[in-house]
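All of the numbers you see were taken from the coordinates with simple rules; none came from a lab. Note that the structure is a prediction, hence the values are computed from the model and not measured. Don't worry about glycine lacking a Cβ; one is built from the backbone with ideal geometry, like all the others, and counts go over all protein chains shown.
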Amino acid sequence: MMIKPSTYQQFKGIFRTLFAGADDSGRKVLNIFMMLLVISSIGVMILDTNPDLTQSEIEYFQLLDETFTWIFLTEYLLRFWVCSDLRYDFDRAFNRYQRRRLKPTKALTIFHAIKVATSNKIKWMVQPLSIVDLLAILPFFRMFRLFRVFRVFRLLKLFRYSKRLVFFVEIIKERSYELIALFTVAVVIWGMIAIAFYIVEVGVNPQVSNIWEAVYWAIITITTVGYGDITPVTPIGQGVAVIGTLTGMWVIVFMTSIIVSTLTERIVSLRGFKMINKIERMDKHTIICGLDTLGRAVCQSLEKEGRTFVGVDIDQDRVDQAEKRGWVAIQGDTTQEEVWQKLNLKCAHSIVSTFIDEVSNVYVILLVKEKNPKCLIIVTGESKTSEKRLIKVGADKVVSPYLLGGAQLAHNAIRPNAVQLIDLALKKEHKDLNLEELRVPTKSRLDGIALADTVIRSQFNIIIVGITRQDREMIFNPSAATVVKNGDSLICMGHDDDLKRFQQYMQNDSA
């Protein structure tokens with residue numbers, strides 16, 4: 001039995017979707033709005049430091065700053081509210097604690113339930129971005145006015161709203177072990193160089209009077225900044241400076257190489273994510289399984305027809321070649337269900353498998369029929385026997401490249417002009433003669449009307465070569481008395497412009 005959520009839960013669910021849900025349009029708009037607010041608040045903070053401002057300008061900037069802070073405070077409280085459900089967590093913890101104890105005391109049970117219910121709130125509060133949000137609004141309260149510098153933390157709020165900034169943070173987190181180990185070594189070397197510099201320069205160099213000045217010098221030397229305010233005056237001190245500079249370059253090179261290598265890996269995966277996002281937005285597209293020579297030929301034909309398609313192949317080199325041509329393609333094994341999820345199978349119109357291996361084709365057919373029964377399945381087969389088996393499994397059409405190619409060569413030798421006519425009709429570049437398959441929509445005005453009584457010939461100058469019924473009955477060269485029915489596929493021949501006009505007429509007819 002489905003329990004309808006209350007108005008309170010629905011209202012809370014709206015904000016939960018905005019703050020922590022999927023990347024829908026509402027969340028994207030909110031993120032852009034909040035980023036603009038953060039940048040504007042920093043701009044106001046900078047302008048407010050101008051000593052030449054008039055009193056009215058100072059009051060105006062203060063009003064703006066308070067407005068920004070109110071918005072940030074509201075956002076913080078809303079995020080705190082939606083991060084967990086206190087009532088649900090309390091009831092769940094209370095009941096579980098009672099079930100697990102033989103004689104639970106009410107006070108102890110309530111205490112345990114409160115502890116569990118508030119733990120999710122506390123976990124949210126100690127997250128780095130939550131701490132940044134809190135520090136950004138603290139100066140708003142009178143007791144924290146002295147900490148107005150905390151407003152600078154508003155810049156760090158951008159990490160919450162921008163995926164690009166989060167991308168770089170994730171790179172650092174991914175290589176945190178290597179970076180921390182390298183940084184630890186650098187700190188040890190820092191300390192050794194600072195102590196060595198202090199020992200050889202103190203009492204000789206008037207610029208070095210305590211260990212802190214030596215540490216300061218070591219930091220700006222190892223980081224290759226080198227302000228020049230402290231310089232070595234002894235030969236040994238100069239040697240220490242050379243060692244410090246070389247060490248600093250070594251540390252920077254290693255850290256940079258670690259980050260760059262990770263960045264390169266993530267860019268490859270990011271490219272895959274972008275490709276998957278493109279596929280998720282597709283509808284009624286064609287999936288080409290296999291990007292070999294035959295698969296690329298299929299892609300070229302679909303591209304010329306202006307159809308939406310996506311290719312998949314287990315070979316990354318083939319996928320890269322497809323991407324260079326501007327095609328949408330991903331690397332993956334079609335025996336894995338998660339690959340079909342990435343291919344957005346539920347919205348696909350048709351599947352074209354160029355696998356010669358019959359076992360692979362059987363797997364593709366069975367999986368597609370399970371996930372999307374209405375999807376048109378076209379596979380390749382080596383022989384007539386293979387064709388019968390694949391049709392029996394569930395394929396809508398089996399094409400043998402060898403048999404088809406051989407037949408095409410024979411037809412060109414026997415009846416070249418007829419073959420040329422059909423080729424011209426199937427090629428999109430030839431505008432004067434084109435062959436198109438158009439489906440009669442539901443509740444169409446053409447339903448139940450004989451071809452002679454339709455406007456197909458009189459208004460659009462189109463020849464109906466054949467009609468395929470919904471039960472797959474094929475009527476070739478239908479007579480003028482043939483009745484058109486809803487769901488029929490009309491095989492039309494005519495000028496490309498006339499076919500487009502007729503297609504638009506059919507679409508308007510179904511609207």
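A few comments on the model shown:
- Sorted peptide list for 311-324, 51-64, criterion being average Cβ within 10 angstrom, highest first: 311-324, 51-64
- Whole-angstrom gap from the stretch 66-84 to the stretch 334-413, using each part's C-alpha centre: 54
- Structure-based [θ]222 nm, the chain - -39500 (n - 2.57) summed over DSSP H runs of at least 4, per residue, nearest 500: -20000 deg cm²/dmol
- Under 11 Å, Cβ to Cβ, from Ile351 - net charge with Lys/Arg +1 and Asp/Glu -1: +2
- Using C-alpha pairs under 8 Å with a sequence gap of at least 6, the mean separation divided by the residue count of the stretch 174-267 gives a relative contact order of 33 percent.
- Given Lys278/Lys324; Lys28/Lys304; Lys324/Lys397; Lys173/Lys274; Lys278/Lys304; Lys123/Lys157, the pairs whose alpha carbons are separated by over 24 Å: Lys28/Lys304; Lys324/Lys397
- Set of aspartates and glutamates with alpha-carbon distance to Lys384 below 19 Å, sequence-local pairs under 8 removed: Asp357, Glu358, Asp396
- Listed from fewest to most Cβ neighbours within 10 Å, the set Trp340, Trp250, Trp327 follows the order Trp250, Trp327, Trp340.
- Set of lysines with alpha-carbon distance to Lys106 below 20 Å, sequence-local pairs under 8 removed: Lys115
- Sorted by Cβ neighbour density within 10 Å, fewest at the top, the residues Ser400, Ser257: Ser257, Ser400
- Global geometry of the stretch 7-161, whether rounded, prolate or oblate, following the gyration tensor of its Cα atoms and the 1.5 cut on a/c: prolate
- Proximal charge balance of Pro206 [Cβ under 15 Å; K/R count +1, D/E count -1]: -3
- The fewest-to-most ranking of Ser25, Ser41 by surrounding Cβ atoms within 10 Å reads Ser25, Ser41.
- With the convex hull drawn over the C-alpha atoms of the stretch 174-267, the volume per residue is 81 Å³.
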